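The values are calculated or read from the model by the stated rules, or taken from the named source; none is laboratory data. Model, not experiment: these values are computed from the prediction. Neighbour counts run over all protein chains shown; Cβ positions are idealised from the backbone, glycine included. Protein only, heavy atoms only, side chains kept; ligands, DNA and RNA dropped before computing areas. Shrake-Rupley method; radii C 1.70, N 1.55, O 1.52, S 1.80 Å.
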Amino acid sequence: MESFQQTIGMSSPKPYSKWNCLYAIQLAALATVLVWTIFDPQFESLAEALRRGSDSPIAALQSAKVMFGAWRLALFVVVIALAGVSLVGLFLAMLKGTAASRPVRSLRSLLMLTAVVALWCGLASNHASLAWQGKRLRLVARVAELETIARPLRSDWPKEDGELPQIGPFMAYPFGEPTTMILLAPPTVSGGEICIAAIERCDDGAIKLQLGGSKAADWVEWHPESSEPESFVGGLQDSHHLRSHLRLGSGWFLVRYDA
């Protein structure tokens, strides 16, 4: 019978077809998390909130649901669960492989499994950098919008509290010779995903826009040709130590400080 099946081209399914299916799930999960990290401005905050709440998972999930929405949390849980279950399946298949499923235990398969684990580790350790690059991509398209905020301030920096068309009401600090504007009705940029909480002006003419709602202390800054982002002390005597910066074009930078 066996020889007859081979003669007519019939054969049972390959013993490692499930192995290939598990790999497909892994790659789909990796691609989903990668794209999500880059294009969703809330992903980094979601991942950080769940990481900080690892001591109390139920409370962390409930808090994340309120902060980021049920659909975003549900998607995160489903993707991570699928990735975890399929990865365990790959390990079990490797451990339980028999002579009949030799391809599962081959050196090539071992290298593939190692590569998958390495990709997850790399994504976990570098998700903040990927999100940072994603923020840069979104802001590059908003340079003209940022210009409408910064342009009038380069030539006419306010001397006292007041209100401006593109900025709204603000308070100026320190009194007498202000270098900081605290915005009372923060304008939004990048499709409304972020708002401008405060504006700083430096001695060299640089205009620094602090992005609100970011615990990472991100800023968008315009600098003249002879200037680049550097550590500074704000008008409220708050120190900002430069961590990294990315060029957006036309003198604009995305900057992150250790506040």
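Structure summary
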quantity: Positions within the stretch 83-99 being buried (at least 16 other Cβ atoms within 10 Å of the Cβ) and out of contact with any Leu (no Cβ under 9 Å at 6 or more places or on another chain), in sequence order; calculated: Gly97
quantity: Residue check, Leu34 open to solvent by 80 Å² or more (accessible area, probe 1.4 Å) and either basic (Lys, Arg) or not in a loop (DSSP other than H, G, I, E, B) (or both); calculated: no
quantity: Asp161, sole failed condition from (1) loosely packed, with under 14 Cβ neighbours inside 10 Å; (2) over 30 Å from Val88 (Cβ atoms); calculated: (1)
quantity: So Ser155, is it open to solvent by less than 30 Å² (accessible area, probe 1.4 Å), over 27 Å from Phe43 (Cα atoms) and small (Gly, Ala, Ser); calculated: no
quantity: Leu46 being in a helix (DSSP H, G or I), touching a Phe, Trp or Tyr at 6+ places or on another chain (Cβ under 6 Å), surrounded by 13 or more Cβ atoms within 10 Å (Cβ to Cβ) and in contact (Cβ under 8 Å) with a residue 12 or more places away in the chain; calculated: yes
quantity: Cross-chain or 6+ apart pairs with Cβ under 7 Å, the stretch 49-76 first and within 19 Å of Thr32 (Cα to Cα), then in a helix (DSSP H, G or I) and open to solvent by 60 Å² or more (accessible area, probe 1.4 Å); calculated: Leu73/Leu61; Leu73/Lys65
quantity: In the stretch 139-148, the residues that are assigned to a helix (DSSP H, G or I), out of contact with any Gly (no Cβ under 8 Å at 6 or more places or on another chain) and open to solvent by 10 Å² or more (accessible area, probe 1.4 Å); calculated: Ala144, Glu145, Glu147, Thr148
